[in-house]
């Protein structure tokens, strides 16, 4: 059993430099790591919203949070607002962290299901979570560890950041730990004749970079895992029909041209005020949450950073053209565009083998899950951590690889089903895409989960999942899937006790939110250079 001596990472960007940084930090001493990338080959660079798991990644690297925020122009994220998903005009927030507090062995939502229509408690579910209530108030602060009994101790958050700046930040970090960066375009891949294992990559210059373990971060091209090894691809576009995105950043200020509010094609109403209406200021636009706004043939993301707003329209080319989708996006910007919009094509699904022979695919080379719940960077992180958990020796025994692939498959499928639920649980009847989503068949596991929820708001899970009960509860209620009943053990409590319990939660959360600074104020006070 001989330890590996060298790992080669093919491709940079967020995926490549996340892999390099974590391997350099956590892998055994003496392991040589070389990353090959070309400045001529661009990266997607729009995975700018994250979920709280990113904090674990940064913690493992021992990054200083304030320095990271300053270096990447980051802002804080309490959750994701979904607009027009259940019905046009509807809105809800999928917030991170806790929902209220349990009473006995039952979750809070069970009691709310009984009382929500009585007029005795708030019927707005967002009032029972510190994250969602603070998000709607545009307020933020880090959790107060010294206030154990307060909702202020329960604040969970992630970040919005500039993906390009994050890659540069991790590149500097990695190179300081000894990672070698090689500039060059790969023109050939050398394989071992006996078993097809990768031996090295040949650069345009003629140089050969050899290694034992190869990490494919070449994006959707999937140079090693697919073009070379033919690992195969499992297509999920029949459940998740969007196959393109058009992306453009914008400023927090409107240009004179934007004042005319250009037509928004087949989408919703423009976010830009009409002529004569006051424009929103940066303090209102710098929200501590991502927005996902459903349009007729897709949805639009809105990600506020310190220096700009990231925007994109994810859409299905079956129902709208590239030009029409671009018009929808450009007609729904908060400020002046800072670049030309660019169209990105994708196919939702995953590699049949994320680890094949001596190649592990990380990032877009492993598959694509549309950014609806900000899971792109999480999937990079989890694949790298699983690789470290099953790190091979030079013999590349099949058992670690097989366990790795099984666990990655499970994570992808669980995320897939969570995303499908957003589309399936719509009451929209205004366009062909939404009618298709509403009426489509869904995976058996998701159907069973929804059927169980419909009866009495319950869940049953078979293993560890990325999206916990709190996530499912908020999305299912937000999408309008209210159970027909509730857990019968709720009725063991007197109605007056339940009313007091629910009103105490919403009341205390309201007071805590009122004491928090605005998101912009918090960043200015704690994270500005």
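For this structure, a couple of remarks:
- A count restricted to the range 121-153 and to residues that are assigned to a helix (DSSP H, G or I) and modelled with pLDDT of 95 or more stands at 11.
- Filter pass, residue 360 being at pLDDT 95 or above and either assigned by TED's automatic domain parsing to the domain that holds residue 217 or in a helix (DSSP H, G or I) (or both): yes
- Any chance residue 2 is at pLDDT below 95, surrounded by fewer than 20 Cβ atoms within 10 Å (Cβ to Cβ) and farther than 30 Å from residue 136 by Cβ: yes
- First in the range 497-513 and assigned by TED's automatic domain parsing to the domain that holds residue 123, second anywhere and assigned to a helix (DSSP H, G or I) and at pLDDT below 95, Cβ under 7 Å, 6 or more apart: 508/151; 509/151; 512/151; 512/152
- Look at (1) assigned to a helix (DSSP H, G or I); (2) in contact (Cβ under 8 Å) with a residue 24 or more places away in the chain; (3) out of contact with any helix residue (DSSP H, G or I) (no Cβ under 8 Å at 6 or more places or on another chain) and you find that residue 399 fails only one, number (2).
- Test: residue in the range 181-198 that is in a loop (DSSP other than H, G, I, E, B), touching a residue at least 60 places away in the same chain (Cβ under 8 Å), within 30 Å of the chain's Cα centre (by Cα) and farther than 22 Å from residue 349 by Cβ: yes
- Residue under evaluation residue 501, criteria (1) part of a helix (DSSP H, G or I); (2) out of contact with any helix residue (DSSP H, G or I) (no Cβ under 7 Å at 6 or more places or on another chain), criterion not met: (2)
- Only one entry of 394, 382, 366, 376 meets the criterion of being closer than 23 Å to residue 170 by Cβ and at pLDDT below 95, and that entry is 376.
- Failed item in (1) farther than 30 Å from residue 67 by Cβ; (2) within 21 Å of the chain's Cα centre (by Cα); (3) outside the structural domain of residue 405 (by TED's automatic domain parsing), with residue 302 passing the rest: (1)
- Boolean, residue 365 is in contact with a strand residue (DSSP E or B) (Cβ under 6 Å, 6 or more places away or on another chain), more than 30 Å from residue 428 (Cα to Cα) and buried (at least 20 other Cβ atoms within 10 Å of the Cβ): yes
- Condition check for residue 118: at pLDDT 95 or above and assigned by TED's automatic domain parsing to the domain that holds residue 477: yes
- The single residue among 113, 23 that is assigned to a helix (DSSP H, G or I) and within 26 Å of residue 508 (Cα to Cα) turns out to be 113.
- In the range 442-490, the residues that are free of Cβ contacts under 8 Å to residues at least 40 places away in the same chain, surrounded by fewer than 15 Cβ atoms within 10 Å (Cβ to Cβ) and in a helix (DSSP H, G or I): 444, 445, 447, 448, 451, 452, 455, 488
- Any chance residue 424 is outside the structural domain of residue 357 (by TED's automatic domain parsing) and either loosely packed, with under 13 Cβ neighbours inside 10 Å or out of contact with any helix residue (DSSP H, G or I) (no Cβ under 8 Å at 6 or more places or on another chain) (or both): no
The values are calculated or read from the model by the stated rules, or taken from the named source; none is laboratory data. Quick caveat, the model's predicted, so the values are computed rather than measured. Every residue, glycine among them, receives a Cβ derived from its backbone with ideal geometry; neighbour counts consider all protein chains shown.
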